[in-house]
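**Q** This is the structure, below, for whatever I ask next.
Each value in this text was obtained by applying a stated rule to the coordinates, not by laboratory testing. Everything quoted here is computed from the prediction, not taken from an experiment. Backbone-built Cβ (ideal geometry, glycine too); neighbour counts: all protein chains shown.
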Amino acid sequence: MIMRDLRASVALLLFFTLLTGIAYPALMTAAGQTLFPAQAGGSLVQQDGRIIGSSLIGQDFTSEKYFHPRPSAAGNGYDAGNSSASNLAPTSADLAKTYLARVNALRTDNDTRPVPVDLVTASGSGLDPDISVAAARFQAPRVAAARSLSQVDIEKLIVQHTVMPIFGWLGEKRVNVLELNRALDAAAPQTTAP
């Protein structure tokens, strides 16, 4: 009786290991690669035949000629191998100092308008590739001045690269920073890197 139960348990273990550990992941990988090859490959962005990033992972743009992403708490900044938030409590004095420093830096680089919250706070992963439309518009005067473009042209690019909420209501309008900065370079090519 015990041996029969043991054999049945081992057989079920092997069956479900093969089914859920090998067959199902292989089937989902094949389906993903077939139906959604770009997404399954990491949504990589290529330029001139080389990979310059992913539309799913934020990058650190610091030049005044580019839109800046949300701050990152991931490692040394936008480190996909060290994705995390700051883990500081909302009442933390260090967090308040960090936020105040970010607000002051943004007001120095831009102006004294209210700063959109997503330019001050890091996302949970620290790798958010998107900013709000308000954050993009906040940075538009700086980018326009640095590139000698009209703010109207910059606003048009923001509108063209605004992603609407899924199904019209799930999430917020957002702008992918990498894609917007690539559009800026296409509109007015620069010789310097971000």
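**Q** HN-Hα J couplings of region 119-124 from phi, Karplus 6.51/-1.76/1.60, θ = phi - 60°, integer Hz, Gly and Pro as x?
**A** Values, residue by residue: 8, 10, 9, 7, 6, x Hz.
**Q** Please arrange 72, 123 by counting, for each residue, the other beta carbons lying within 10 Å of its beta carbon, fewest first.
**A** 123, 72
**Q** Still on this structure: Which order do 118, 185, 130, 48 fall in if you start with the one that has the fewest other Cβ atoms within 10 Å?
**A** 48, 185, 118, 130
**Q** Averaging the inverse of every distinct alpha carbon separation and then flipping it gives the Kirkwood radius. What is it for region 1-41, in angstrom units?
**A** 12.0
**Q** May I ask which residue of 145, 187, 91 lies farthest towards the positive end of the charge dipole of the chain, with charges of +1 (Lys, Arg) and -1 (Asp, Glu) on Cβ and the Cα centre as origin?
**A** Sorting the options by dipole projection puts first 91.
**Q** So, one more: Work out the charge dipole of the chain with +1 on the Cβ of Lys and Arg and -1 on the Cβ of Asp and Glu about the Cα centre, then indicate which of 124, 38, 170 is farthest towards its positive end.
**A** Positive-most Cα among the choices belongs to 170.
**Q** Let me ask something additional. So, in nm, how far is label residue 38 from label residue 101 when the simple model puts each one 7 Å beyond its Cα toward the Cβ?
**A** Each label point is offset 7 Å from its Cα along the Cβ direction, giving 3.8 nm.
**Q** While we're on this one: On each of the three principal axes of the Cα atoms of region 109-181, give max minus min coordinate, whole Å, ordered largest first.
**A** Sorted largest first, the three principal extents are 35, 24, 20 Å.
**Q** Follow-up. Highest GNM mean-square fluctuation, the chain, Cα pairs closer than 10 Å: which of 50, 182, 147?
**A** Between 50, 182, 147, it is 50 that shows the largest mean-square fluctuation.
**Q** Ok, one more. Taking a ≥ b ≥ c as the square roots of the Cα gyration tensor eigenvalues, with a/c under 1.5 meaning rounded and otherwise prolate when a/b beats b/c, else oblate, which class fits the chain?
**A** It comes out prolate by the Cα gyration axes.
**Q** Hey, what does the equivalent ellipsoid look like for region 66-123, semi-axes from the Cα gyration tensor as sqrt of 5 times each eigenvalue, largest first, whole Å?
**A** 20, 16, 8
**Q** Using only Cα atoms, tell me the angle between helix 151-160 and the longest principal axis of the chain; keep it within 0 to 90° and round to the nearest 10.
**A** For 151-160 against the chain, the angle is about 20 degrees.
**Q** What distance in nm separates the simple spin-label points at residue 51 and residue 22, each placed 7 Å from Cα in the Cβ direction?
**A** With each label placed 7 Å out from Cα toward Cβ, I get 2.8 nm.
**Q** Right, here's the next one. Longest exposed-loop-site-free stretch of the chain, with chymotrypsin sites (Phe, Trp or Tyr not before Pro), DSSP loop and at most 11 other Cβ within 10 Å?
**A** 1-166
**Q** Averaged over every viewing direction, what's the projected area of the C-alpha convex hull for region 32-100? Give it in nm², one decimal, please.
**A** 7.2
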